[in-house]
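Notes follow once the structure below has been shown.
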Amino acid sequence: MITRALFLFVLSALAVQAEVTSERLLGARQEPQNWLTYSGDYNGQRHSPLSAITPENAKNLELQWVFQARSLEKFEATPLVVDGIMYTVQAPNDIVAIDAVTGRVFWIYQYRPSPAARPCCGRVNRGVAILGDTLYMATIDAHLIAIDTKNGGLIWNIPVASPEAGYALTVSPLVIKDKVVVGTAGGEYGIRGFIAAYDAKTGKEAWRFYTIPGPGEPGHETWPADSDAWKHGGASIWTTGSYDPETNLTYWGIGNPGPDWNGDVRLGDNLYSDSVVALDADTGKLKWHYQFTPHDDFDYDSTQVPVLADMEWKGRMRKVMMFANRNGFFYVLDRTNGQFLLGKPFVEVTWASGIDETGRPVKIAGTAPTRDGVLVYPGVQGGTNWYSPSYSPRTGLFYIPTWANYSTVFIKTPVKYEEGKSFTGGMPRSTVPSLRAAQVNNRKEEEGYGAVRAVDPKTGERKWEFKMSDVTDGGILTTASDVLFSGGRDGYFFALDARTGALLWKANVGGPIASGPMTFAVDGRQYVSVSAGSALFTYAVRK
Amino acid sequence: MWRKLFVLVLAHGFALGSLLAQHSYTPADVEDGGRLFRTNCTNCHGPNGDAIPTIDLGRGRFRQVYSDTDLVRIIRNGIPGTPMPANNFDEFRATTIVAYLRSMAADEARPGALAGDATRGKALFAGKGECFTCHRVKGTGSRSGPDLTEIGAMRRGTELERAMLDPDAEVLAGNRAFRAVATDGTEIIGTLLNQDAFSVQLLDSKDRLRYLQKSDLREQGYVAKSPMPAYRDKFNAQELADVVSYLSNLKGLDLP
């Protein structure tokens with residue numbers, strides 16, 4: 001294994017800066033020195049075959065370089081690394097090309113979003129995608145742009161949706177074959193969400209899938225009849241989907257129905273909000289869907305990366321999807337047809353008593369928001385959120401960035417749609433701040449804490465937990481040497497033993513981690529990068 | 001607390017217009033309104049709402065007659081062309097402020113409240129009350145309790161009185177005492193300044209900034225009760241009123 005990986009490094013070092021073809025994207029894990037997509041691979045596992053950093057030598061990790069972003073926004077992008085060059089995004093929408101070994105900047109492409117841009121929850125971006133010699137970035141004013149990898153020159157720039165109507169894009173695009181796929185955010189402003197594919201060469205729209213079915217389409221009946229509710233029902237996309245080349249299906253987690261906390265104006269299940277959808281990658285046609293939270297009143301959007309793996313399930317091999325949902329349940333589905341296989345809470349849950357055998361949650365009466373407020377676990381930010389989990393085929397464990405013990409009082413308020421205005425219908429209250437907080441933390445553990453929780457996907461049982469003091473917006477990376485990297489609002493970047501959760505190493509990065517770590521190698525040396533605060537840090541084992 | 005709401009409803013059952021009648025307000029909502037008022041309004045209107053001439057928000061004396069709906073609108077939209085700013089509150093939150101303003105007037109109307117003497121209060125603070133052993137005012141005294149230099153600008157008379165009579169009734173999150181016991185049994189008491197998965201940062205009772213590693217501690221956590229003694233038996237009603245009067249006059253450093 002190790003020798004093969006080393007051999008591949010040498011090969012790629014010779015094949016200097018070759019074009020990233022769609023075949024290379026399909027075989028992303030055959031070139032472990034690179035990180036070619038948001039999740040490192042189409043399967044969304046955030047698991048790297050690199051193994052030079054081990055549980056034994058992790059204590060010798062040391063800082064190689066820092067990139068200081070000229071931005072005070074949350075640094076949520078996962079960088080790509082292609083043959084020694086790193087591409088990342090300085091918030092909101094500046095693309096930066098960096099020498100991955102030294103941290104020196106080659107070029108910065110500066111994009112000025114329209115003043116109409118109004119993303120609800122931060123002027124952020126989660127990273128670029130690559131195909132050929134072109135980078136693709138989705139912008140907070142809802143454009144998709146194509147940039148030359150060599151010099152940051154603009155190739156094309158197309159509007160995806162109207163920022164005036166509340167649309168925004170924060171997602172890292174997903175390139176499949178010759179298309180670039182993105183989904184729209186804006187669910188807090190009464191948008192009608194969609195996922196769309198664009199021709200990578202020209203930017204011409206190839207297909208579009210509305211995440212809320214229109215009149216006459218199946219699922220439309222899950223919205224009130226004779227009402228415009230479906231036109232403003234949200235169902236945004238915040239995180240990149242995954243893709244299975246064998247079924248040619250691309251899977252996307254869909255956001256909450258709007259208004260968030262007042263469901264009275266949208267009685268019904270509200271498809272495809274809070275669902276995962278499986279779309280034909282060539283046509284955008286819906287193959288199947290599974291809804292995690294029918295008629296959601298808590299903003300439990302399914303804004304997570306669907307994680308794909310093949311595993312033995314009750315005696316036979318199955319193509320599954322794992323999904324730790326904001327609503328507090330961990331799910332396993334059959335990804336060929338959406339069949340529900342397992343659903344178990346991974347945090348305290350008080351809105352549902354469980355999932356019935358058909359895969360529908362059994363809601364507990366009296367937990368919907370009221371004018372006076374109702375206390376519900378998990379709180380409004382969920383048991384987890386947009387930051388990526390990881391699955392290690394070696395340990396067989398699924399790792400979840402978790403908000404444990406965390407609740408919110410959900411209050412419902414009257415609401416009326418006005419274009420471009422906030423459309424939420426409530427005010428959740430929690431002692432834990434929703435967005436990135438100031439560094440000082442003197443809350444009590446009862447108020448909620450952050451954790452990495454390792455779950456056995458076959459049973460939904462927790463194998464171990466690594467507790468933080470503050471909550472976490474940090475994604476998780478695992479490697480073929482059973483090292484797990486993560487961090488949180490505490491401001492540490494740390495390495496754990498993926499088998500036991502034991503702490504191997506930590507570094508004080510002086511700011512909250514609100515991104516997923518990633519790893520790459522240049523000339524056979526393994527590096528690991530993470531952003532924290534307004535900076536990007538890169539570590540390697542001391543030589 | 002429930003008493004406060006009861007008074008609120010009794011005294012203002014009519015004045016609280018249609019908006020408030022639509023909602024049922026829990027005491028927690030009134031408290032929230034108070035918190036919003038202290039954070040967003042007291043710097044201009046004062047803790048009692050009477051700092052701007054001819055406006056007394058706490059007693060419902062405005063420059064013209066306002067319904068609750070009018071007040072909610074003013075709070076949300078501000079008054080254009082004047083320093084009164086617009087506020088980014090939704091209607092519900094703005095309404096909790098109105099509910100709080102109404103409750104202030106109700107509280108104020110307590111019969112038989114004694115007038116205090118701030119000069120006598122100052123002497124009691126330094127002398128008999130021994131308040132400086134824990135509190136700091138304008139650069140003098142201990143740091144183990146909260147600094148009271150601006151307490152008069154942040155708390156109302158009734159709140160100050162409650163803090164002295166019954167310190168355990170409300171300990172604000174930022175004022176909680178923290179106790180750590182090292183593996184060798186040494187006890188450290190102080191103010192928790194910050195914490196993370198591996199360490200705590202304290203100001204200890206000897207005014208030293210301390211970094212403690214959690215792995216070196218046997219025990220650690222907040223002290224549930226306030227370390228402040230109750231002054232119910234130490235001060236008579238007049239003395240209490242005097243100290244409240246002194247504290248109410250503490251509104252920050254005297255700038256040249």
> Rg and Dmax of the protein assembly as shown over Cα atoms: what are they, in angstrom?
Replying inline: 28.7, 91
>> Just to be sure I understand the model, the point goes 7 Å from the Cα along the line to the Cβ. What's the resulting B:Ile189 to A:Gln339 distance in nm?
In response: 6.4
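Order of A:Met311, B:Met104 from fewest to most other C-beta atoms within 10 Å? The partial results should precede the final answer.
Numbers: A:Met311 15, B:Met104 25.
The fewest-first ordering by Cβ neighbours comes to A:Met311, B:Met104.
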>> Taking the Cα centroid of region A:267-291 and of region A:402-472, what is the distance between the two, rounded to the nearest whole Å?
In response: 26
> Using a Förster distance of 51 Å, how high is the FRET efficiency between A:Lys150 and A:Trp313, based on the Cβ-Cβ distance and rounded to 0.05?
Replying inline: 0.65
> Where a Cα-Cα gap under 18 Å defines reach, which aspartates and glutamates qualify for A:Lys285, not counting those fewer than 8 residues away within the same chain?
Replying inline: A:Asp178, A:Asp199, A:Glu205, A:Glu217, A:Asp244, A:Glu246
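Counting alpha carbon pairs within less than 8 Å and at least 6 residues apart, what relative contact order, in whole percent, applies to region B:109-256? Mind dumping the intermediate values first?
On the way: 251 pairs, mean separation 54.3, N = 148.
Here the relative contact order equals 37 percent.
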> Within the set A:Lys177/A:Lys319; A:Lys177/A:Lys506; B:Lys128/B:Lys206, which residue pairs have Cα atoms separated by over 30 Å?
Replying inline: A:Lys177/A:Lys506
> Under 18 Å from the Cα of A:Lys150, which lysines turn up, not counting those fewer than eight places away in the same chain?
Replying inline: A:Lys201
> HN-Hα J couplings of region B:162-167 from phi, Karplus 6.51/-1.76/1.60, θ = phi - 60°, integer Hz, Gly and Pro as x?
Replying inline: 4, 4, 7, 6, 9, x
> Tell me, what ³J(HN,Hα) does each residue in region B:207-216 have, in order and in whole Hz, if you take phi through Karplus 6.51 cos²θ - 1.76 cosθ + 1.60 with θ = phi - 60° and put x for Gly and Pro?
Replying inline: 6, 9, 6, 10, 9, 10, 7, 4, 5, 8
>> Can you give me the orientation-averaged projected area of the convex hull built on the Cα atoms of region B:177-222, in nm²?
In response: 2.7
> Using a ≥ b ≥ c from the Cα gyration tensor of region B:31-182 (square roots of the eigenvalues), is it rounded, prolate or oblate, where a/c under 1.5 gives rounded and otherwise the larger of a/b and b/c decides, a/b for prolate?
Replying inline: prolate
> When a footprinting reagent is the concern and you count Cβ atoms within 10 Å, what order do B:Asp117, A:Asp297 take, fewest first?
Replying inline: B:Asp117, A:Asp297
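Across region A:344-492, how many lysine pairs, 8 or more apart or on two chains, come within less than 21 Å at their alpha-carbon atoms?
Working: A:Lys344/A:Lys363; A:Lys344/A:Lys458; A:Lys344/A:Lys463; A:Lys344/A:Lys467; A:Lys363/A:Lys412; A:Lys412/A:Lys421; A:Lys444/A:Lys467.
So the count of such lysine pairs works out to 7.
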> How crowded by other chains is A:411-420, given as the mean number of beta carbons from other chains within 10 Å of each beta carbon?
Replying inline: 2
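What does the average come to when, for each residue of peptide A:487-496, you count the partner chain Cβ atoms lying within 10 Å of its Cβ?
Values: counts 1, 2, 1, 6, 3, 4, 0, 2, 0, 0.
Taking all residues of A:487-496 together, the mean is 2.
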> Against the longest alpha carbon principal axis of chain B, how many degrees, from 0 to 90 and to the nearest 10, is the axis of helix B:2-12 turned?
Replying inline: 20
> Where does each of A:388-398, A:161-171 land if you order them by average Cβ count within 10 Å, highest first?
Replying inline: A:161-171, A:388-398
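Restricting to Cα pairs below 8 Å that are 6+ residues apart, what does the relative contact order work out to for region A:289-350? Please round to a whole percent.
Values: 100 pairs, mean separation 15.2, N = 62.
Computed over region A:289-350, the figure is 24 percent.
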> Where does each of A:130-141, A:110-121 land if you order them by average Cβ count within 10 Å, highest first?
Replying inline: A:130-141, A:110-121
> In a GNM of chain B with a 10 Å cut-off on Cα contacts, which of B:Arg218, B:Arg143, B:Arg93 has the highest mean-square fluctuation?
Replying inline: B:Arg218
> Short version: ³J(HN,Hα) in whole Hz for each residue of region A:31-48, in order, from phi by Karplus 6.51 cos²θ - 1.76 cosθ + 1.60 (θ = phi - 60°), x for Gly and Pro, what are they?
Replying inline: 10, x, 5, 9, 10, 9, 9, 3, 9, x, 6, 4, 6, x, 6, 6, 10, 9
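Once R0 is set to 22 Å, what does the formula 1/(1 + (r/R0)^6) return for the Cβ-Cβ distance between B:Ala115 and B:Ile52, expressed as a FRET efficiency to the nearest 0.05? Please list the in-between numbers first.
Working: r = 24 Å, r/R0 = 1.08.
E(calc), rounded to 0.05, equals 0.40.
Grab the DSSP H runs of chain B that are 4 residues or longer, score each as -39,500 (n - 2.57), total them, divide by all residues and round the 222 nm result to the nearest 500 deg cm²/dmol.
Result for chain B: -11000 deg cm²/dmol, rounded to the nearest 500.
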> Listing B:Ser144, B:Ser67, A:Ser515 from the residue with the fewest other Cβ atoms within 10 Å to the one with the most, what is the order?
Replying inline: B:Ser67, B:Ser144, A:Ser515
> In degrees between 0 and 90, to the nearest 10, how far off the longest principal axis of chain A does helix A:2-14 point, with axes built from Cα atoms?
Replying inline: 80
> At A:Arg70 and B:Val223, where each label point lies 7 Å from the Cα along Cα→Cβ, what is the point-to-point distance in nanometres?
Replying inline: 5.1
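Ignoring everything except DSSP H segments at least 4 long, calculate the 222 nm mean residue ellipticity for chain A; use -39,500 (n - 2.57) per segment, divide by total residues, nearest 500.
Numbers: 2 runs with 18 residues, N = 543.
Calculated mean residue ellipticity at 222 nm is -1000 deg cm²/dmol.
Take peptide B:193-205, look around each residue's Cβ out to 10 angstrom, count Cβ atoms belonging to other protein chains, and average those counts. Provide the component values of the computation, followed by the final result.
On the way: counts 3, 9, 7, 12, 17, 8, 4, 2, 3, 0, 0, 0, 0.
So the per-residue partner count for this stretch is 5.
Going by average Cβ neighbours within 10 Å, how do the peptides B:32-45, A:359-372 rank, with the highest at the top? Don't jump to the answer; show the numbers that get you there.
Values: B:32-45: 17.1, A:359-372: 14.9.
Sorting B:32-45, A:359-372 by mean packing, highest first, produces B:32-45, A:359-372.
Restricting attention to region A:227-311, which trypsin sites (Lys or Arg not before Pro) occupy a DSSP loop and are surrounded by at most 14 other Cβ atoms within 10 Å?
Listed in order of number, the matching sites are A:Lys285.
Read-outs: derived from the displayed coordinates by stated rules, not from any lab. This one's a predicted model, so the numbers in the text were calculated from it and none came from an experiment. Virtual Cβ from ideal backbone geometry, glycine too; neighbours counted across all protein chains shown.
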